Amino acid sequence: MIVGDLSPVDIRQRLEGPGLRITLGPLVAEIWSTSRLVQSAVEAVYAGHPISDSGEFADFHVAVRSTGGIRRWLKPLVEFGFDGAPPVQPLPAGQAFPLLEWGLNWCVASHCHQYLMIHAAVVERAGRALVLPAPPGSGKSTLCAALVARGWRLLSDEMTLIDVDRGDVIPLPRPISLKNRSIDIIGRFWPDAIMSAVVHDTIKGSIAHVRPPLASVDRSTERAVPGWIVLPRYKPDVATKLEPLSKGAAFMQVLANAFNYSMHGRRGFEVLADFVDASESFEFSYGGDLEAAIDAFDTLARPL
Amino acid sequence: MSRAAPWRAVAPQAIAWREWDDELVVYDDATGNTHHLAPLGGKVLIALLTHPSGIELPALLQVVADAAGIPDARLLAPNVEEALTEMAGLELAACDPA
Amino acid sequence: MPSPPADLLAETLGDVSAVGSDRYPHWEELVRRAREANLLGTLAWRLEARGLLDEVPEAPRRHLVGASVESKAQQRAVRREVREIARALRPLGSSVVLLKGAAYLLAQLPPAGGRLLSDIDILVPKSKLPEAESLLMQSGFVTTHHHPDDQRYYRKWMHELPPMQHVKRLTVLDVHHAIVPETARAHPDSALLLDAAIPLADPPGFAVLAPTDMVVHCATHLFHDEEFRHAPRDLVDFDALVRHFGVDDAFWTALLSRADELELGRMLHYALRWSSRIHRTPIPVEVLEAAAGFAPAFPVRPLMDSLLGPALRPTSARAATRWARRALYVRGHWLKMPPHLLAWHLASKALRHDEE
């Protein structure tokens with residue numbers, strides 16, 4: 001059963017009652033919330049995700065709930081709850097769904113040290129992973145959404161999980177997070193995309209989430225082997241250009257975006273070095289021409 | 001004339017490295033740090049790692065010159081010394097007074 | 001599914017073979033409680049030591065393996081850091097005593113197995129405090145509390161300097177001159193502790209508390225943490241230490257008089273009582289009885305029991321409707337993580353605790 005099989009009322013009853021258990025790639029999250037905004041966003045962007053039955057092990061139990069106290073009548077706030085989470089600053093109630101998504105990111109990044117985790121979008125074609133490590137402002141999520149719109153399979157728009165025993169990439173397909181101008185850009189580029197309502201004035205600006213295609217969610221147990229590491233550099237009005245990057249430089253760039261490389265010690269080094277070794281690495285400059293960008297990546301993935 | 005102290009790798013058993021073309025990426029388990037070494041620095045470190053009991057500067061220059069295909073080792077001296085100083089700062093290389 | 005027992009975590013830590021069956025029903029609850037109590041690494045380590053980790057079903061095993069990776073990384077980092085601190089403090093010329101987690105690790109004591117460490121604590125003589133602080137500053141440690149009020153508060157009322165953090169390595173160090181705050185009722189004489197400390201071979205110049213003192217300090221720490229934030233974990237430390245040192249009869253003979261001498265008998269009494277209740281720690285009956293002599297009079301005693309019970313037993317409420325009282329993540333952050341990732345890692349500024 002998938003979330004989309006449930007009626008809005010069913011979704012609400014689960015979210016407010018025992019919790020809605022959603023399978024996210026290798027993980028199961030039990031989500032609890034009374035926020036209507038969370039309910040409608042889950043309905044919109046998690047529709048294709050499988051529901052896990054209550055007998056199955058849930059990895060994370062999270063809640064987005066109103067803060068108590070008199071203040072809630074003046075300025076409604078929501079907070080994120082998780083076993084073992086640090087106390088955090090509540091956010092305006094209107095940001096409940098982004099808070100859930102950020103909170104889930106935090107859960108994975110802080111606890112899934114069985115993987116080597118890279119802050120990078122990752123998509124797949126022909127079994128090979130295209131990893132886009134993300135320096136801030138690189139336009140990684142926009143590129144990721146555009147690639148997924150044109151048939152690349154979404155593994156993750158935020159976190160590349162590398163299996164330290166096998167060296168391959170484990171999919172964690174979740175809604176793609178878009179910011180500010182990207183929301184309209186992707187809206188035009190991918191008119192069929194299903195998005196959650198735009199949330200304004202978050203600390204990251206305006207935020208919307210895109211439902212991942214069913215084909216990506218359905219194949220979330222299929223891993224991908226290392227394929228390409230591409231460092232995107234967005235600069236307005238720059239011509240689209242894909243240039244080879246040395247492996248040493250690629251290694252250091254991936255390292256700079258690794259969440260828990262140092263936790264794995266020598267093994268982390270070996271796993272990452274093998275990954276870079278098995279990938280082709282490039283630097284990609286683009287000025288916002290997504291069609292040209294997709295062409296460049298499609299050419300990369302075309303068998304010789 | 002007093003002999004110059006030999007150079008050595010600080011913790012050879014703690015070092016893991018990968019060489020791609022001329023670049024060396026080094027993991028040092030003793031400090032937990034990872035370094036990206038330019039071609040010459042990489043050759044100097046490999047020379048130190050292959051001489052765990054230490055190697056004096058002139059011999060080191062020769063090893064590096066041979067590895068880099070440079071006929072006159074003396075030409076490399078300033079650069080190798082600079083690389084050694086830098087690696088000493090990173091706790092990769094050390095020069096212990098004999 | 002049967003509902004999990006109240007002391008699920010303590011019982012499992014005490015006898016990990018309970019999880020051996022394929023149909024063990026409590027994995028989800030066990031992982032939640034262990035994580036909330038900061039004991040997931042310890043649980044993983046105990047399973048691993050008994051060769052049982054591979055038999056754990058895949059889903060919970062991933063969390064155990066993750067915690068084990070984390071604890072090993074923290075322990076590597078703490079070993080490196082202790083060496084750096086030892087190097088910085090060498091000119092001090094007197095021995096520096098490691099406390100708590102770092103002490104268990106460097107002295108290779110049982111609580112270290114799989115333990116997660118939040119920071120490094122050291123004890124130096126009060127007279128050496130200014131010199132220690134300046135040596136540490138020269139080696140790159142800076143104070144974390146910049147407000148003059150905070151500085152005054154620490155220096156006047158606390159038993160430690162304001163926590164210091166290394167500018168490059170981001171590690172956090174607490175420098176103590178006593179094991180309880182100046183404001184506490186008891187004033188254990190730090191000179192007694194320093195005199196009895198046992199030198200470590202590595203790093204030279206560093207020492208750990210003598211067995212009785214270490215156990216008494218562990219008991220004290222249980223109750224001097226305002227929110228009992230780490231209480232379940234501290235009690236697990238206490239149980240492991242007592243089991244380890246308790247095989248020596250001389251330890252038991254010395255323990256009570258030492259606690260009395262250090263004015264910390266009552267703390268020891270509570271810890272012994274609750275450790276034996278929750279962890280079934282083997283404690284000689286006569287020791288328990290004698291320690292009861294340190295207990296407060298009625299009606300404080302039942303009151304304390306009712307307060308301590310819940311604090312010492314981690315229980316996980318439904319659907320994450322409860323906050324964990326865990327330390328701010330950054331404090332226990334031994335990663336070398338680029339600052340922009342660190343910010344992200346805390347799931348953006350919005351999820352950052354505005355502690356300072």
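Exactly one condition in (1) in contact with a Pro (Cβ under 9 Å, 6 or more places away or on another chain); (2) part of a loop (DSSP other than H, G, I, E, B); (3) more than 14 Å from chain A (Cβ to nearest Cβ) is not met by C:Tyr104; state its number. Among (1) in contact with a Pro (Cβ under 9 Å, 6 or more places away or on another chain); (2) part of a loop (DSSP other than H, G, I, E, B); (3) more than 14 Å from chain A (Cβ to nearest Cβ), C:Tyr104 violates only (2).
Of the set (1) under 14 Å from C:Ala67 (Cα atoms); (2) touching an Asp or Glu at 6+ places or on another chain (Cβ under 6 Å), all apply to C:Leu53 but (2). Quick test for you: out of B:Glu81, B:Glu91, B:Glu19, pick the one residue that is acidic (Asp, Glu) and closer than 30 Å to C:Gln75 by Cβ. Residue meeting the stated conditions: B:Glu91.
For every residue, the table says whether it meets (1) in contact (Cβ under 8 Å) with a residue 40 or more places away in the chain; (2) in a strand (DSSP E or B).
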| site | (1), (2) |
| --- | --- |
| A:Met117 | yes, yes |
| A:Ala120 | yes, yes |
| A:Val123 | no, yes |
| A:Ala129 | yes, yes |
| A:Gly137 | yes, no |
| A:Thr142 | yes, no |
| A:Ala145 | yes, no |
| A:Val148 | yes, no |
| A:Gly151 | no, no |
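Just so you know, in the stretch C:67-85 the residues that are at the interface with chain A (Cβ under 10 Å from one of its Cβ atoms) and either in contact with a strand residue (DSSP E or B) (Cβ under 7 Å, 6 or more places away or on another chain) or of a type in the set (D, E, K, R) (or both) include one that is farthest from C:Ala207 (Cα to Cα), and it is C:Glu70. The residues of the stretch C:18-66 that are within 18 Å of A:Cys112 (Cα to Cα), of a type in the set (Val, Ile, Thr) and either assigned to a loop (DSSP other than H, G, I, E, B) or more than 9 Å from chain A (Cβ to nearest Cβ) (or both), listed by number, are C:Thr42, C:Val56. Of the strands (runs of 3 or more DSSP E) lying entirely inside the stretch A:13-85, those containing at least 2 residues that are more than 12 Å from every other protein chain (Cβ to nearest Cβ) span A:20-24. Among the residues of the stretch C:127-142, the one identified as under 10 Å from C:His166 (Cβ atoms) and either over 26 Å from the mean Cα position of the chain (by Cα) or hydroxyl-bearing (Ser, Thr, Tyr) (or both) is C:Ser139.
Quick check, is A:Ala149 surrounded by fewer than 24 Cβ atoms within 10 Å (Cβ to Cβ), within 17 Å of the chain's Cα centre (by Cα) and more than 14 Å from every other protein chain (Cβ to nearest Cβ)? Yes. With respect to (1) over 25 Å from C:Arg280 (Cβ atoms); (2) within 17 Å of the chain's Cα centre (by Cα), the lone exception for C:Ser94 is condition (2). Of all the numbered requirements in (1) within 14 Å of chain B (Cβ to nearest Cβ); (2) modelled with pLDDT of 95 or more; (3) buried (at least 17 other Cβ atoms within 10 Å of the Cβ), A:Pro244 misses one, and that requirement is (3). Remark: pairs (first residue in the stretch C:231-249, farther than 11 Å from C:His279 by Cβ; second residue not in a helix (DSSP H, G or I) and not basic (Lys, Arg); Cβ separation under 7 Å; 6+ apart in sequence or on different chains) = C:Ala231/C:Asp225; C:Arg233/C:Ala37; C:Arg233/C:Asn38; C:Arg233/C:Leu39; C:Leu241/C:Leu109; C:His244/C:Leu109; C:Gly246/C:Pro282. Out of A:Pro50, A:Pro8, one residue alone is touching a residue at least 40 places away in the same chain (Cβ under 8 Å) and out of contact with any Pro (no Cβ under 6 Å at 6 or more places or on another chain). It is A:Pro50.
Among the residues of the stretch C:104-120, those identified as at pLDDT 95 or above and in contact with a His (Cβ under 9 Å, 6 or more places away or on another chain) are C:Leu109, C:Pro110, C:Pro111.
Screening the stretch B:11-86 for strands (runs of 3 or more DSSP E) wholly inside it with 3 or more residues that are of a type in the set (A, V, I, L, M, F, W, C), within 14 Å of chain A (Cβ to nearest Cβ) and surrounded by 14 or more Cβ atoms within 10 Å (Cβ to Cβ) returns the ranges B:15-20, B:23-28.
Picking from residues in the stretch C:1-48 that are surrounded by 17 or more Cβ atoms within 10 Å (Cβ to Cβ) and of a type in the set (Phe, Trp, Tyr), the one that is farthest from A:Glu30 (Cα to Cα) is C:Trp45. Tallying residues that are in contact with a Phe, Trp or Tyr (Cβ under 7 Å, 6 or more places away or on another chain) and surrounded by 18 or more Cβ atoms within 10 Å (Cβ to Cβ) within the stretch A:259-280 yields 6. Listed conditions (1) farther than 26 Å from C:Pro211 by Cα; (2) buried (at least 24 other Cβ atoms within 10 Å of the Cβ) are all met by C:Val82, apart from (1).
The values are calculated or read from the model by the stated rules, or taken from the named source; none is laboratory data. As the structure is a prediction and not an experimental result, all values here were calculated from the model. Neighbour counts run over all protein chains shown; Cβ positions are idealised from the backbone, glycine included.
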